[in-house]
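The values are calculated or read from the model by the stated rules, or taken from the named source; none is laboratory data. A quick note: this is a predicted structure, and the numbers were derived from the prediction, not measured. Don't worry about glycine lacking a Cβ; one is built from the backbone with ideal geometry, like all the others, and counts go over all protein chains shown.
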Amino acid sequence: MTGPRQPDEASATAGQGRPEAGYEHIDDDVCRSFQRSVEIVGKKWSAAVLLAAMRGARRFVDYRARIPGISNHLLSQRLRELEGHQLIERLVVPTTPVQITYRPTAQGASLMRVLHPLIEWSAKNG
């Protein structure tokens, strides 16, 4: 199976009266995969945690500093969930005391590259 094609931006934005132009070829399996992806990043605080990771947060306190308003409990939960989805990697540094760091995986960085236009859109339309 080939991956989904990008909709033709010109046809999608030229006001041709068919907003669905360029999306007809997407099958149900791709729709389900897309829905799962949206549910992962759409869960409260998940996108903020991923963005903090991409902006250089590594230790728990770094994430707390970059995500105002998130509780310790919820941050721990989101880090575990994102690790489970293989978007964040948890590293144990064998020092005294032991340090735990987190960083985006290649898959997490790939997802954030796809979401970058949404970040830009949000900054403009916020």
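Regarding segment 101-114, can at least one residue be identified that is within 15 Å of GLY56 (Cα to Cα), polar (S, T, N, Q) and surrounded by 15 or more Cβ atoms within 10 Å (Cβ to Cβ)?
Yes: segment 101-114 contains one or more residues that are within 15 Å of GLY56 (Cα to Cα), polar (S, T, N, Q) and surrounded by 15 or more Cβ atoms within 10 Å (Cβ to Cβ).
Of all residues in segment 41-77, count the ones that are buried (at least 16 other Cβ atoms within 10 Å of the Cβ), under 12 Å from the mean Cα position of the chain (by Cα) and without any contact (Cβ under 8 Å) to a residue 60 or more places away in the chain.
7
Could we say that ARG103 is in contact with a helix residue (DSSP H, G or I) (Cβ under 7 Å, 6 or more places away or on another chain) and in contact (Cβ under 8 Å) with a residue 24 or more places away in the chain here? Walk me through how you get there before you give the answer.
Details: in contact with a helix residue (DSSP H, G or I) (Cβ under 7 Å, 6 or more places away or on another chain): yes; in contact (Cβ under 8 Å) with a residue 24 or more places away in the chain: yes.
Answer is yes for this residue.
When segment 29-40 is examined, which residues are found to be of a type in the set (A, V, I, L, M) and either under 12 Å from the mean Cα position of the chain (by Cα) or in a loop (DSSP other than H, G, I, E, B) (or both)? Write out each step before concluding.
Residues of segment 29-40 that are of a type in the set (A, V, I, L, M), as a first pass: 30, 38, 40.
VAL38, ILE40 - these are the residues of segment 29-40 that are of a type in the set (A, V, I, L, M) and either under 12 Å from the mean Cα position of the chain (by Cα) or in a loop (DSSP other than H, G, I, E, B) (or both).
Out of the residues in segment 97-110 meeting the condition of being assigned to a strand (DSSP E or B) and among the β-branched types (Val, Ile, Thr), tell me which one is farthest from the chain's Cα centre (by Cα). Walk me through it before giving the result.
Taking segment 97-110 as the starting set, the residues that turn out to be assigned to a strand (DSSP E or B) are 99-104.
With among the β-branched types (Val, Ile, Thr) added as a condition, the list becomes 100-101.
On the way: ILE100: 21, THR101: 19 Å.
The qualifying residue farthest from the chain's Cα centre (by Cα) is ILE100.
So which residues in segment 31-69 are out of contact with any helix residue (DSSP H, G or I) (no Cβ under 8 Å at 6 or more places or on another chain), modelled with pLDDT of 95 or more and among the β-branched types (Val, Ile, Thr)?
Of everything in segment 31-69, just one residue is out of contact with any helix residue (DSSP H, G or I) (no Cβ under 8 Å at 6 or more places or on another chain), modelled with pLDDT of 95 or more and among the β-branched types (Val, Ile, Thr), namely VAL61.
Would you mention how many residues in segment 82-96 are in a helix (DSSP H, G or I) and in contact with a helix residue (DSSP H, G or I) (Cβ under 7 Å, 6 or more places away or on another chain)? Walk me through how you get there before you give the answer.
Taking segment 82-96 as the starting set, the residues that turn out to be in a helix (DSSP H, G or I) are 82-84.
Retained after the next criterion (residues that are in contact with a helix residue (DSSP H, G or I) (Cβ under 7 Å, 6 or more places away or on another chain)): 82.
Number of matching residues: 1.
Identify, please: which residue in segment 78-96 is surrounded by 10 or more Cβ atoms within 10 Å (Cβ to Cβ) and of a type in the set (Val, Ile, Thr) and is, among those, nearest to LEU50 (Cα to Cα)? Let's see the steps before the verdict.
As a first pass, look at segment 78-96 and keep what is surrounded by 10 or more Cβ atoms within 10 Å (Cβ to Cβ): 78-91, 93.
Subsequent filtering for residues that are of a type in the set (Val, Ile, Thr) retains 88, 93.
Working: ILE88: 8, VAL93: 21 Å.
So the residue we want is ILE88.
Does any residue of segment 45-58 turn out to be among the aromatic types (Phe, Trp, Tyr) and not in a helix (DSSP H, G or I)?
Looking through segment 45-58, at least one residue is among the aromatic types (Phe, Trp, Tyr) and not in a helix (DSSP H, G or I).
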